[in-house]
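Report on the following structure.
Every number in this text was worked out from the coordinates using simple rules, so none of it is lab data. Being a predicted model, the structure only gives us computed values, none of them experimental. Glycine gets a Cβ as well: all are built from the backbone with ideal geometry, and neighbour counts include every protein chain shown.
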Amino acid sequence: MKRSKRGGIRCLALALATSACGGASEHPHVVLITVDTLRADHLSMNGYPRATSPALDAFARSATRFTRATATVPKTCPSMTTIFTGLGAQEHGVRFNFTTIPAAVPLVAERFRALGYRTAAFVSNPVLRPAAGFARGFGTYRFFEQGDVVRDVTDAFREWSAADWDTPTFVWIHYLDPHGPYEPPTTVQAQLDTFLADDLGRDPTRVSLDAERTPEEKARRGSGNKLLGAIPLYQQLGAEDRRSVFVARYDAEIRLVDAAFGEVVDALRARGVFEPSLVLFTADHGESLGEHELWFAHGWFPYQATLHVPFVVKEPGQTRGRTIDALVSHLDVLPTLERFVPGLGAPPGRGHDVFQLPVERAPILIENSDRYPVKFLGLRTERWKYLVRQNDGAEELYDLDADPHETENLAARETERISVLRTVLANALRRARSGANDTDTIETDDAEALDRIRALGY
């Protein structure tokens, strides 16, 4: 591989363990791939009956798959800020999508750049616009929000990746699909037709189209794009009310993004940098497909449908796959990257290196997004989910081993456990808020950006 003078000097400055920057080293290339609104349980990699993720399935066979990975907030801006900072929402202060990351909070690309890394991002989703702060630290930031954004992101990365990788590189790729509205292109029409004709496609469930509500219903169940018990306005397809159609379209969009992921891996292989690179794949959050009466949306509830995410890591040089069932979260991304990139400076005491997890980790603080009718705060442990509704103090407790879909609230029965978790939550909130960023977040006043964001149901 050709070495530029500038790249060679930088490699020496980073004290790489080998003479070639593209080889195994103290500072490997790092590729972070995040997918919007991707439920872990809708991937064939995780046993879903539809072939939604053949490229990711193949990737996982030479990587480490974590089956119990959780987001901490089911909304893009707060979730990605946690991935980029190693801090929870109560600390970094970004708790809904219409905010800008405080300038005082260091981001992952800034950390990489301080170590001499080349940094680049290829992203789609209006909430990730440069003005929101996500471009900080990136030498290249290609942002797509209109047109065929999956194709555009992939093509932009492939074109950029053709250059020499002489300098240690951090790349972030973010795909908007399968975020709603579910509009799979003709390139996955064959998969969509197959999905519509299979057993899941024969699901008889129909969903209300009545997104408009009386004032009393609005106060209790919402309306428009934030509602319970009906298809949100931005997702509606005329008179179509079959759950099976919407789920098939969602799954077809997963297949679309999976193919794009496969192209990214092929591009890395073509440059000879896939094997020596660290590649981490995850999602910002999942999607509710009717659970708890929330249809084809996310953000309102911190239930498993919107918090359980894929989390797959390929270490430099790894060729054999393995599966780890321990609980991990987005708080663990930075500590894990630091394992392979010494000096990255992950915030101490929050997340863990996923390859050196404690025998029993502290409960993970979770919450829903702000600006919904009810605010939830809670905890996730290996087995239990504990939630408190902030408007009335009502508590929920779910045994995720026995009840993964959270259908039976055990709070009234498990009084002793609730008492302990209540104290743990209060202490966790106290610690998080004591170390909270003291710079106010800024709510965007860009009317055009807000219109584009609302078109996605926000």
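In this simple spin-label approximation, Q356 and T214 carry label points 7 Å from Cα along the Cα→Cβ vector, and these lie 6.1 nm apart.
Give the relative contact order (percent, whole number) for the chain; include only Cα pairs under 8 Å separated by 6+ residues.
25
Residue ranges 82-94, 227-239, 291-303 sort as 82-94, 291-303, 227-239 when ordered by packing (mean number of other C-beta atoms within 10 Å per residue, highest first).
What's the FRET efficiency of A394 with D164 using the Cβ-Cβ distance as r and R₀ = 45 Å, to the nearest 0.05? The pair A394/D164 has a calculated efficiency of 0.20. Among rounded, prolate and oblate, which fits the stretch 152-235 when a ≥ b ≥ c are the square roots of the eigenvalues of its C-alpha gyration tensor, a/c under 1.5 means rounded, and a/b larger than b/c means prolate? Since a/c reaches 1.5 but b/c is at least a/b, the shape of the stretch 152-235 is classed as oblate. Taking K and R as +1 and D and E as -1, what net charge do the other residues with C-beta under 11 Å from the C-beta of Q191 add up to? That sum, taken over residues with Cβ under 11 Å, equals -2. The relative contact order of the stretch 61-192, computed from alpha carbon pairs under 8 Å that lie at least 6 residues apart in sequence, is 20 percent.
For A394, nonlocal amide neighbours, meaning residues 5 or more places apart or on other chains whose placed amide H falls under 5 Å from its own, are R389.
Tally Lys and Arg at +1 and Asp and Glu at -1 over the other residues with C-beta under 10 Å from the C-beta of K226: what net charge comes out?
Numbers: positive: K218, R221, R371; negative: none.
Local charge sum for K226: +3.
The protection proxy used here, the mean number of other Cβ atoms lying within 10 Å of each residue, ranks peptides 352-361, 65-74, 185-194 as follows, highest first: 65-74, 185-194, 352-361. Computed 3J(HN,Hα) for the stretch 358-375, one whole-Hz value per residue from the Karplus formula 6.51 cos²θ - 1.76 cosθ + 1.60 where θ = phi - 60°, is x, 4, 9, 7, 5, x, 8, 6, 10, 6, 8, 6, 5, 6, 10, x, 10, 9, glycine and proline marked x.
Database remark: amide H of T140 closer than 5 angstrom to the amide H of T119, A120, A121 (H placed geometrically; neighbours at sequence offset of 5 or more, or on other chains; Pro and chain starts carry no H). Helix 76-85 and the longest principal axis of the C-alpha atoms of the chain enclose an angle of approximately 40°. For the stretch 139-145, backbone phi angles converted through the Karplus equation (6.51, -1.76, 1.60; θ = phi - 60°) give residue-by-residue couplings of x, 10, 9, 9, 10, 10, 9 Hz, Gly and Pro being listed as x.
One Cα centroid belongs to the stretch 410-431, the other to the stretch 155-187; the line between them spans 42 Å.
Total lysine pairs in the chain at Cα distances under 28 Å, for residues eight or more apart or on different chains: 12.
For A411, neighbours were defined as the other residues whose beta-carbon sits under 14 Å from its Cβ, and their charges (Lys and Arg +1, Asp and Glu -1) total -4.
From helices alone, the chain scores -8500 deg cm²/dmol at 222 nm; the rule is -39500 (n - 2.57) for each run of n ≥ 4 DSSP H residues, then divide by the residue total.
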